[in-house]
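What follows is a single structure, written as structure tokens, with notes after it.
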Amino acid sequence: MKFFDLSYFIGCFSKLMPYLPLTLMILLIAMAITIPLSAFLAWRNLQGNAAERGLIRLYIQVIRGAPFIVMLFVVYFGIPKLMLALFGIDINGWNKASYIIITMVLFQSARMSEAMRAAYLAVPRGQMEAVYSCGMTGLQGFLHVMLPQTVLVVLPNLGNLVLSSLLETAVGFSVGIIDFVGNARMVTSRDYGLHTLEIYLAVALVYWALAVLLARLFGLLEGALARRQGRTLSGRSSERKGRRAARV
Amino acid sequence: MIEVRGLRKSFGENEILKGIDVHVDTGDVVVILGPSGSGKTTLLRCINFLEKADDGVLTVGDMTLDLKSVRKKDIAAVRKRTGYVFQNYNLFINKTARENVMLGLTVGRRMPKDQAFAIATAALDRVGLSDRYDHYPSQLSGGQQQRVGIARAIALNPEVILFDEPTSALDPELIGEVLQVMKDLAEDGMTMLVVTHEMGFARDVASHVIFMDDGVIVEEGTPKDIFNHPQHERTRQFLRRILKGEAGEFGGSGI
């Protein structure tokens, strides 16, 4: 038996590609819900009353203390029972992908709302004082001054969280979702475990390529936003870059 | 033009302002002096509602407000009539110099862009920054940033500008350019209420000087009264200490 079958390995990619849309769809839908939800949670955590803040902080603490796969099982087995008991709705026919989307929204919104809150607090307090003294309202100041600066601060962390979400989709096989990993398991069992290394290495490479692409995307977004706000990414000010160039 | 009566403010148990009366007439330059912690900055912040005063009456033009119970509408109206220059400039980091000056006009007052553009350009010209319209705050020196801060205040055409230690965060060699701009403004008849440690500015530009210590006004009068004939021991002590420091360190900075 060969240690590594190269032609089999290369053949793996065409077997995996059909599952790309599923992974991207899970990620996209989950993030489309998570990002606005996190922004809402961060907002209420910063400006809500004591009850709202307490509730959100409890939520964050509980969620952050649970492993993703455990949460997925709780959601997968818990929500159908809950829906049946509370509303009499049978959701056993639901697409299994919805469970991982729900889990991901719960899991990442706690983390993301904290990243957003921290980014907002990183903007100097005096910015809002200047907003008020210039005769603008809190909302106007938020939209024109706070939000653009907050987004720039949060982007690196946001990118990290989206990336880790991509990788967490791989856990979906454990509730029977046939994605890259689920497919790899099926293929290996069909081949009597002969090419396990090849297929999982191919899966790893696909995730890696997606991760690189995603990181690059966030990098470009950050660069474009920074330029619009007169900053460069190395260091804070473009003045500093100018000085460095002058020294060279 | 602007008047404060019986202003009181505490932070917790600590009473910072113990009943302050200030009167500024149109065209006046009133300078507030005093040691750190005497409440000068808090006084200014209360006038612009950056802090909420506990008690007192504020009159701006024909508006008289009881500071215990102000409405949002009144706060907005007072801020519309007053400009504010911060110790650490507080320029909008994500905006160019000109955008900093325009924002209060286009967003705050819904002025058409081209009109705001013209006003902002003129305001920056007035503070000597005709070559820095499109620079971001991070690309400007402290003195230039503070001059943008002043341009931002005057562009809104306020009836009075409040200056909160405008030169305290600046390197000594940059203080002069900011003081010169302020002096020019005063000569143009701008009404100003200035908290500063710059004795030269107080002596040469102020029409009225207030000396504060420990939350009360100890003494006030013309610059001549305060600098040449201080009545109170605390005023004398303060002036001795500051003037000695200035002579020793900078050979008398300012103008």
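The values are calculated or read from the model by the stated rules, or taken from the named source; none is laboratory data. Every value quoted in this text rests on a predicted model; they were computed, and no experiment measured them. Because the Cβ atoms are built from the backbone with ideal geometry, glycine has one as well, and the counts that use them run over all protein chains shown. Only protein heavy atoms, including side chains, enter the accessible area calculation; ligands, DNA and RNA are left aside. Shrake-Rupley method; radii C 1.70, N 1.55, O 1.52, S 1.80 Å.
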From the set of residues in the stretch A:78-117 that are exposed (fewer than 13 other Cβ atoms within 10 Å of the Cβ) and not in a helix (DSSP H, G or I), which is modelled with the highest pLDDT?
-> A:Asn95
Report yes if some residue within the stretch B:231-238 is surrounded by 15 or more Cβ atoms within 10 Å (Cβ to Cβ), in contact (Cβ under 8 Å) with a residue 60 or more places away in the chain, in a loop (DSSP other than H, G, I, E, B) and more than 15 Å from the chain's Cα centre (by Cα); otherwise report no.
-> no
With respect to B:Leu156, is the statement that it is open to solvent by 20 Å² or more (accessible area, probe 1.4 Å), hydrophobic (A, V, I, L, M, F, W, C) and more than 14 Å from the chain's Cα centre (by Cα) true?
-> no
Output yes when any residue across the stretch B:191-206 is more than 13 Å from the chain's Cα centre (by Cα) and part of a loop (DSSP other than H, G, I, E, B), and no when none is.
-> no
Quick one: would you say B:Pro172 is modelled with pLDDT of 95 or more and more than 20 Å from B:Leu50 (Cα to Cα)?
-> no
Take the residues in the stretch B:124-136 that are open to solvent by 10 Å² or more (accessible area, probe 1.4 Å) and assigned to a helix (DSSP H, G or I), then tell me which one is farthest from the other protein chains (Cβ to nearest Cβ).
-> B:Asp125
When you scan the stretch A:131-200 for helices (runs of 4 or more DSSP H) that lie fully inside it, which ones turn up with 3 or more residues that are open to solvent by 10 Å² or more (accessible area, probe 1.4 Å) and within 14 Å of chain B (Cβ to nearest Cβ)?
-> A:138-141, A:147-168
Only one of B:Gln139, B:Gln115 is within 11 Å of chain A (Cβ to nearest Cβ) and open to solvent by 30 Å² or more (accessible area, probe 1.4 Å); which?
-> B:Gln139
Kindly indicate which of A:Ser113, A:Ser98 is in contact (Cβ under 8 Å) with a residue 12 or more places away in the chain, out of contact with any Asp or Glu (no Cβ under 7 Å at 6 or more places or on another chain), small (Gly, Ala, Ser) and away from every other protein chain (no Cβ under 14 Å).
-> A:Ser113
Taking strands (runs of 3 or more DSSP E) that do not extend beyond the stretch B:52-108, which have at least 3 residues that are more than 8 Å from every other protein chain (Cβ to nearest Cβ) and touching a residue at least 40 places away in the same chain (Cβ under 8 Å)?
-> B:55-60
Sort through B:Arg79, B:Arg8 and tell me the only one that's over 20 Å from B:Pro158 (Cα atoms), crowded, with 16+ Cβ neighbours inside 10 Å and of a type in the set (Lys, Arg).
-> B:Arg8
